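A short write-up of the structure that comes next.
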Amino acid sequence: MGIGHYRPRNRADLHSVGLVLHPQRDSAAAVTAVLDWAAQQGTEILGIDQEIRRLRCAAVAVSAQELGRRADLVVSLGGDGTMLRAMRLADRQRAPVLGVNLGKLGFLAEVDVPDLPGALSAIDKHDFTIEPRLAVDAVIGDQVVTAFNDIAVVRIPGEGNAVVAVRVADYPFVSYAADAVVVATPTGSTAYSFSAGGPIVSPSVEALLVTPAAPHSSYNRGLVVSIHDSLALDILPASGRLAVEVDGAVAAHLTSGDRIDLLPRAGAARVVRLGHTTFYQRARRKLRVTDSAEIAASVPDRARSERL
């Protein structure tokens, strides 16, 4: 699914904006910017009850589920974890998500706090695009969990390696003995998968990445699986007990004989982009991608500055 312009039929289509706040960072300035903009537009601001209570602001307190249903735009104020939570709230709903960075890396965010008023004005003028983001549902017995970054099966210290068979299109492809096996979306390609040696993948690619972390196998490469091919992980008899991490949070535990089916969903959430930078520019800057020393020494200063 490609990137397309978001064009509400009229201003009334954006009558409710939902705020998702980092639980600890100071978001008062960003919340004030949103409220000031909303007051000028006559737009209702929704906030999750437990989050906005500490700010004593004018937002309407609702449950997380109600915010996801009612909001026409979800604004995430925090870091990447907050952005992922906002995307989960917007999953299967109509609202796009604008990420505002209050953290250090903020890879998924589009703007920093000083740029927020301008971003809201651009959204008000419908001058932005939508970047669809893939989700992956993991079926673990009768439990279904959803991730926008990754699902990882991770060894528990003292309980042996993760020994996992990867099945693609109902056929066993490879087995890993590793510290973890990470199944990432393109969004998550810059997170755990990247730290384990996986590739950087554009969010416009509709695929899942399977990356072993610290593999003990002769075959130590990952693979990229089309969303049109089935994908499953089988926990083999030699495996220790494993934790299932969903976007970094433990959601379940597995033992030998268990299985996870991984079901991708294209366009599960929609992220606001204002066209200031491309995905590759953000990836290069925020991941501090550098050329090899030999190449860098031969590239003129001007060419290097254009890459940054």
For the chain, size of Cβ-based charge dipole, Lys and Arg +1, Asp and Glu -1, in debye: 500
The chain - percent of accessible surface contributed by carbon and sulfur, probe 1.4 Å: 51
Label-to-label distance, nm, for residues given as V205 and T129 (7 Å Cα→Cβ offset): 1.8
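At 1.4 Å probe radius, can you tell me the per residue accessible area of the stretch 58-138 in Å²? Please list the in-between numbers first.
On the way: 2790 Å² over 81 residues.
Here the per-residue accessible area is 34 Å².
Over the stretch 196-242, average the accessible area per residue using a 1.4 Å probe and give it in Å², no decimals. Working shown, then result.
On the way: 2150 Å² over 47 residues.
Value returned for the stretch 196-242: 46 Å² of accessible area per residue.
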For the chain, share of DSSP beta bridges that run antiparallel, in % to the nearest 5: 75
Sorted peptide list for 190-199, 206-215, criterion being average Cβ within 10 angstrom, highest first: 206-215, 190-199
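The values are calculated or read from the model by the stated rules, or taken from the named source; none is laboratory data. These numbers were taken from a predicted model, which means no experiment stands behind them. All Cβ positions, even for glycine, are placed from backbone atoms using ideal geometry, and neighbour counts span all protein chains on display. These accessible areas exclude ligands, DNA and RNA; they are computed on the full protein's heavy atoms, side chains included. Shrake-Rupley method; radii C 1.70, N 1.55, O 1.52, S 1.80 Å.
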